[in-house]
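Chemist: Let me give you the structure first, and then I'll get to my questions.
Each reported figure results from applying straightforward, stated rules to the coordinates on display, with no laboratory input. Nothing here was measured: the structure is a model prediction, and the numbers come from that model. Don't worry about glycine lacking a Cβ; one is built from the backbone with ideal geometry, like all the others, and counts go over all protein chains shown.
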Amino acid sequence: MGTLLSVENLSTYFKTEKGISKAVENVSFHVNEGEMLGLIGESGCGKTTVAQSILRLIEYPGKVVSGSVYLAGREILKASEAEMRKLRWKEISVIPQSAMNALNPIYTIGDQIIEAILLHEDVTKKEALKRTKELLEMVGIDGDRWKSYPHEFSGGMKQRVAIAMALACKPKLIISDESTTGLDVLTQAQIIALLKDLQKKMNLSVILISHDLPMVTAICDRIAIMYAGKIVEWASTEQLLKEANHPYSKALLNATPDLNNLDHEVTSIPGMVPSLVNPPLGCRFQSRCSLALERCSQESPKLMEIKPRHFSACFLGGGNNG
Ligand SMILES: Nc1ncnc2c1ncn2[C@@H]1O[C@H](COP(=O)(O)OP(=O)(O)OP(=O)(O)O)[C@@H](O)[C@H]1O
Ligand code: SF4
Ligand SMILES: [Mg+2]
């Protein structure tokens with residue numbers, strides 16, 4: 001299983017009235033072929049900014065200030081805008097938060113998928129229609145409904161159409177950024193099950209951005225946990241559930257009900273994510289960490305490999321003692 005996407009020391013800042021917001025700082029991780037990576041963390045921790053940096057969609061007042069993003073070995077932060085336009089559908093595509101962002105209410109869903117295919121691939125309209133019908137069937141919608149308009153579908157079905165659209169040009173990597181938010185719990189579960197099924201069948205790589213830790217632990221192969229613009233822990237789901245290392249990861253797990261263990265006491269995390277304009281010197285989690293040492297307010301812990309393929313950024317984690 002080779003590496004498909006590799007993000008190295010990525011930093012993205014925003015200019016704000018209060019100063020420079022260091023929204024993403026020195027973020028490194030990778031996604032293997034056919035792997036589903038969960039990117040998780042509280043609101044404002046930088047998950048969407050990471051996704052948009054990978055897609056090169058950060059606009060003023062934001063800027064990717066340093067780092068590299070390699071897709072199948074190619075540095076995409078250096079690609080031209082024209083190359084990026086091709087790459088965005090054919091190599092990486094996005095399932096947006098709201099299907100309404102993906103679908104235009106005045107065209108049939110079929111015409112929209114066909115247009116996306118024709119724009120990016122050298123195929124006839126007849127071939128594009130055939131693929132559109134196949135895509136709809138794949139996401140559980142009758143292929144003949146390609147002539148329907150978005151308003152003729154329920155919210156869950158529109159989200160299925162958005163998934164079909166994301167798959168239209170056979171990308172290798174899909175980024176799903178909170179793509180089931182706003183749907184009822186049952187529909188969310190169905191959409192996520194569909195995504196997992198397609199990922200396995202098509203050997204896709206997926207970055208699943210979510211607040212929903214139980215869902216992410218149920219379906220992702222590996223998980224990267226972000227806190228205040230940094231990745232604080234990155235491990236296989238199994239390893240994280242068995243031996244979470246970072247105090248923030250442990251706090252997130254403790255803050256989540258465990259349906260397999262009803263004795264598990266849910267404890268919310270006190271305090272708030274610090275402002276990313278002039279973030280605290282040292283560990284960004286220090287104000288909420290009950291284990292903080294003096295060193296934690298002076299030095300920033302690095303993300304270190306504490307066990308094979310298990311990374312954590314904490315002075316107590318075993319990797320930052322040197
Ligand atoms: N256009 C912008 N201008 C200024 N700051 C921004 C902008 N977009 C994002 N930020 C800042 O970047 C930081 C990270 O935001 P981001 O949206 O990436 O977080 P997130 O983890 O996706 O949060 P959520 O879970 O709420 O979607 C926040 O501090 C936010 O204020
Ligand atoms: S480095 Fe210090 S403050 Fe940060 S998580 Fe570890 S112990 Fe807590
Ligand atoms: Mg977000």
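Chemist: Report, by chain and number, residues whose modeled amide H sits under 5 Å from the one on residue 66, excluding near sequence neighbours (fewer than 5 apart, same chain).
Modeler: Result for residue 66 returns 11.
Chemist: Further question: How far, in degrees from 0 to 90, does helix 155-167 lean away from the longest principal axis of the Cα atoms of the chain, to the nearest 10?
Modeler: Taking Cα atoms only, the helix is inclined about 90 degrees.
Chemist: Determine the equivalent ellipsoid of the chain by diagonalising the alpha-carbon gyration tensor, then write out the semi-axes as square roots of 5 times the eigenvalues, largest first, rounded to whole Å. Don't skip to the answer; put the middle values down first.
Modeler: Numbers: eigenvalues 259, 99, 62 Å².
Taking √(5λ) for each Cα gyration eigenvalue gives 36, 22, 18 Å.
Chemist: Another question about this same structure. So how do 265-275, 38-48, 14-24 stack up, highest first, on mean other-Cβ count within 10 Å?
Modeler: So the peptides 265-275, 38-48, 14-24, ranked by packing, come out 38-48, 14-24, 265-275.
Chemist: Still on this structure, please answer the following. Using only the alpha carbon atoms of the stretch 170-322, find the Kirkwood hydrodynamic radius as the inverse mean reciprocal pair distance, in angstroms to one decimal. Intermediate values should be presented prior to the final figure.
Modeler: Numbers: mean 1/r = 0.0586 Å⁻¹.
Taking the inverse mean of 1/r over all distinct Cα pairs, the stretch 170-322 comes out at 17.1 Å.
Chemist: Hey, what angle do you get for helix 185-202 against the long axis of the chain, alpha-carbon based, 0 to 90 degrees rounded to 10?
Modeler: Taking Cα atoms only, the helix is inclined about 80 degrees.
Chemist: Then there's this: Can you tell me the FRET efficiency between residue 307 and residue 63 if r is taken as the Cβ-Cβ distance and R0 is 30 Å, rounded to the nearest 0.05?
Modeler: Working: r = 35 Å, r/R0 = 1.17.
Efficiency at R0 = 30 Å is approximately 0.30.
Chemist: Kindly work out what percent of the DSSP beta bridges joining two residues of the chain are antiparallel, to the nearest 5.
Modeler: Numbers: 31 of 49 bridges.
The answer is about 65 percent antiparallel.
Chemist: Also, quick follow-up: Using mean Cβ contacts within 10 Å as the protection proxy, how do 79-89, 125-135 order, highest first?
Modeler: Values: 79-89: 14.1, 125-135: 16.5.
By packing density, highest mean first, the sequence is 125-135, 79-89.
Chemist: Put +1 on the Cβ of every Lys and Arg and -1 on every Asp and Glu Cβ in the stretch 1-120; which of 60, 44, 94 then has its Cα farthest towards the positive end of the dipole?
Modeler: With unit charges placed on the Cβ atoms, the residue in question is 60.
Chemist: I need the per residue convex hull volume for the stretch 102-170, using only the alpha carbons, in cubic angstrom as a whole number.
Modeler: On the way: hull volume 5.1 nm³, N = 69.
Looking at the stretch 102-170, the number lands at 73 Å³ per residue.
Chemist: How would the stretch 195-276 be classified by its alpha-carbon gyration tensor: rounded, prolate or oblate, with rounded meaning a/c under 1.5 and the a/b versus b/c comparison settling the rest?
Modeler: Taking the square roots of the gyration eigenvalues as a ≥ b ≥ c, the stretch 195-276 is oblate.
Chemist: Any chance you could give the angle, 0 to 90 degrees and rounded to 10, that helix 109-120 forms with the longest Cα principal axis of the chain?
Modeler: It is inclined by approximately 80 degrees.
Chemist: Same structure again: Taking 0.36 nm per residue of separation and subtracting the Cα-Cα distance, what length does fully extending residue 118 through residue 9 add?
Modeler: Residue separation times 0.36 nm, minus the Cα-Cα distance, leaves 35.6 nm.
Chemist: While we're on this one: Can you work out ³J(HN,Hα) from phi for every residue in the stretch 126-132, in order, using Karplus 6.51 cos²θ - 1.76 cosθ + 1.60 and θ = phi - 60°, giving whole Hz and x for Gly and Pro?
Modeler: These are the phi-based 3J(HN,Hα) values: 5, 5, 5, 5, 4, 5, 4 Hz.
Chemist: Sort 224-231, 285-292 by packing, meaning the average of other beta carbons within 10 Å per residue, with the highest value first.
Modeler: Values: 224-231: 26.1, 285-292: 16.6.
Per-residue mean Cβ counts within 10 Å order the peptides as 224-231, 285-292.
Chemist: I would also like to ask the following. Using modelled backbone amide H atoms (1.01 Å from N, in-plane), which distant-in-sequence or interchain residues come within less than 5 Å of residue 34's amide H?
Modeler: The answer is 205.
Chemist: What percent does the relative contact order of the stretch 102-170 come to when contacts are Cα pairs within less than 8 Å and at least six residues apart?
Modeler: Values: 81 pairs, mean separation 29.3, N = 69.
Normalised by residue count, the contact order of the stretch 102-170 is 42 percent.
Chemist: If contacts are Cα pairs under 8 angstrom and at least 6 residues apart, what is the relative contact order of the stretch 148-223 in percent?
Modeler: On the way: 51 pairs, mean separation 24.6, N = 76.
Here the relative contact order equals 32 percent.
Chemist: If each residue of separation counts as 0.36 nm, what is the full-extension length gain between residue 290 and residue 137 once their alpha-carbon separation is subtracted? The partial results should precede the final answer.
Modeler: Details: separation 153, 0.36 × 153 = 55.08 nm, distance 5.13 nm.
Residue separation times 0.36 nm, minus the Cα-Cα distance, leaves 49.9 nm.
Chemist: Just subtract the alpha-carbon distance of residue 298 and residue 106 from 0.36 nm times their residue separation and send over the number in nm, one decimal. Present the calculation step by step, with values, prior to reporting the outcome.
Modeler: Working: separation 192, 0.36 × 192 = 69.12 nm, distance 5.63 nm.
Contour length minus Cα-Cα distance gives 63.5 nm.
Chemist: Something else: For the stretch 96-105, what does the Karplus curve 6.51 cos²θ - 1.76 cosθ + 1.60, with θ = phi - 60°, yield as ³J(HN,Hα) per residue in whole Hz, taken in order and with x for Gly and Pro?
Modeler: In residue order, the calculated couplings are x, 4, 10, 4, 5, 6, 8, 10, 8, x Hz.
Chemist: Mind listing the phi-derived Karplus ³J(HN,Hα) values for the stretch 9-16, rounded to whole Hz, using 6.51, -1.76 and 1.60 with θ = phi - 60°, and x for any glycine or proline?
Modeler: 6, 6, 10, 10, 10, 10, 7, 10
Chemist: Can you tell me the relative contact order of the stretch 84-204? Whole percent, Cα pairs under 8 Å, sequence separation 6 or more.
Modeler: Details: 165 pairs, mean separation 45.3, N = 121.
It rounds to 37 percent for the stretch 84-204.
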